[in-house]
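Enquirer: Questions regarding the structure given below will be posed in turn.
The values are calculated or read from the model by the stated rules, or taken from the named source; none is laboratory data. No experiment lies behind these values; they were computed from the predicted model shown. Every residue, glycine as well, gets a Cβ built from its backbone with ideal geometry; the counts of neighbours run over all protein chains shown. All accessible areas refer to the heavy atoms of the entire protein, side chains included, with ligands and DNA or RNA removed. Shrake-Rupley method; radii C 1.70, N 1.55, O 1.52, S 1.80 Å.
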Amino acid sequence: MDLDQLHTFLEIVRLKSFSKAAQTCYRTQPAISAQVRQLEQELNTTLFERLGTKIALTTAGKIFAEYAEHILDYRRRAQDAINELERVPKGELIIAANEATCIYVLPEVFSQYKKLFPNVQLSVDRSYGARVVEAVTDNLADFGITQLPVQEKKLQVAGIHSDEVKLIAPPYHPLASKRLITPRDLVPHQVLFPKSGTTRARLNVWAEAVEDELQISMELDSTEMIKRFVMAGLGVSFLAASNCDEEVSSGRMAAISLGPEPMIRKLGLIYRKDKALSKAALGFIQVILENAGGFTSAINAAGTGGSRNMVPKVARS
């Protein structure tokens, strides 16, 4: 049974004639009759009574006609809803990101996006490191925001934000007045390390020469916890500059660059290459490129190239 058969059946009911229905359906009368026979065989009943040159619905035919009307009506409603979706995007987008990104990158992006796409629901899946990549790869999230590079070939990567990872310390701390911090400078002091993630891996490499001498007093998995513990004098730690701008500007915390070279953190928006992007999804890409700050050219799936591949502009409703 298909929708075309239902349409043909209802045309016969409406016109009370096989020959007239054949004309409106642009088919021959034998073709129309064949469709009705197929329906009757599938339903195992007779739908029409032939009364000389006239036809009439059987009791089963009357019941089926009512349901056929509902089925075609739902089909029309579905098409209308899809057409409306193109005009006024709706639905849900799931974004996987860590706590700091949720707090310091996404609020402005979400605010701008909701102004342009008020009928789209945005949901955040709080994930960390490799789990962000996994969530997008496994299609559990539409988008992910994570540190670059990303080495998953199934994913498209667009750079959205760049800042510097710095040492943070209370303003009265002996290291707070230094212009640059080397790993050796940390040895006499209590250090609070991020518990895991890309930044922790990079810090391990940076401090490798003194790793046996470091006094790592705690490993924390929360940006806000790190800041609170540092301001309470429990040790020095490391954060992206954008994550502690407010505390540094107000004098509650000092932020010092790492040496001998600054440690630059780059965030990327990731999404599956093979996933069809709705108007709502394309709009999110465009909004985050325009509002997340830092660099905005899309880079290749390995996260190491620099060629431009800008997302197409989306008409906003």
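Enquirer: Being within 30 Å of VAL287 (Cα to Cα), surrounded by fewer than 18 Cβ atoms within 10 Å (Cβ to Cβ) and basic (Lys, Arg) narrows it down to one of LYS154, LYS178, so name that one.
Expert: Going through LYS154, LYS178 in turn, just one is within 30 Å of VAL287 (Cα to Cα), surrounded by fewer than 18 Cβ atoms within 10 Å (Cβ to Cβ) and basic (Lys, Arg): LYS154.
Enquirer: For region 135-148, what are the residues that are part of a loop (DSSP other than H, G, I, E, B), of a type in the set (A, V, I, L, M) and either in contact with a helix residue (DSSP H, G or I) (Cβ under 7 Å, 6 or more places away or on another chain) or open to solvent by less than 80 Å² (accessible area, probe 1.4 Å) (or both)?
Expert: ALA141, LEU148
Enquirer: Residues of region 104-134 being in a helix (DSSP H, G or I), in contact (Cβ under 8 Å) with a residue 60 or more places away in the chain and surrounded by fewer than 18 Cβ atoms within 10 Å (Cβ to Cβ), which ones?
Expert: GLU108, GLN112, LEU116
Enquirer: Pull up region 90-103, narrow it to residues that are of a type in the set (A, V, I, L, M, F, W, C) and either in a strand (DSSP E or B) or over 15 Å from SER127 (Cβ atoms) (or both), then point me to the one that is most open to solvent (accessible area, probe 1.4 Å).
Expert: This residue is ILE94.
Conditions (1) in contact with a Cys (Cβ under 6 Å, 6 or more places away or on another chain); (2) open to solvent by less than 30 Å² (accessible area, probe 1.4 Å); (3) modelled with pLDDT under 90, marked per residue:
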residue	(1), (2), (3)
VAL13	no, no, no
LYS20	no, no, no
PRO30	no, no, no
ARG37	no, no, no
GLU42	no, no, no
PHE48	no, yes, no
THR58	no, yes, no
ALA68	no, yes, no
ALA78	no, no, yes
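Enquirer: While we're on this one: Residue by residue through region 49-101, note down the ones that are β-branched (Val, Ile, Thr) and within 18 Å of the chain's Cα centre (by Cα).
Expert: ILE94, ILE95, THR101
Enquirer: I've got another one for you. Only residues in region 51-75 that are in contact (Cβ under 8 Å) with a residue 40 or more places away in the chain and at negative phi count as the first member; pair them with residues that are in a helix (DSSP H, G or I) and among the β-branched types (Val, Ile, Thr), Cβ under 7 angstrom, at least 6 apart or cross-chain, and list the lot.
Expert: LEU57/VAL13; ALA65/VAL13
Enquirer: Look at region 170-190 and say how many of its residues are outside any loop (DSSP other than H, G, I, E, B) and farther than 20 Å from GLU261 by Cβ.
Expert: Total meeting the criteria: 1.
Enquirer: Among what's in region 182-240 and is of a type in the set (Asp, Glu) and over 34 Å from the mean Cα position of the chain (by Cα), pick the residue that is most open to solvent (accessible area, probe 1.4 Å).
Expert: Checked region 182-240; the qualifying residue most open to solvent (accessible area, probe 1.4 Å) is ASP212.
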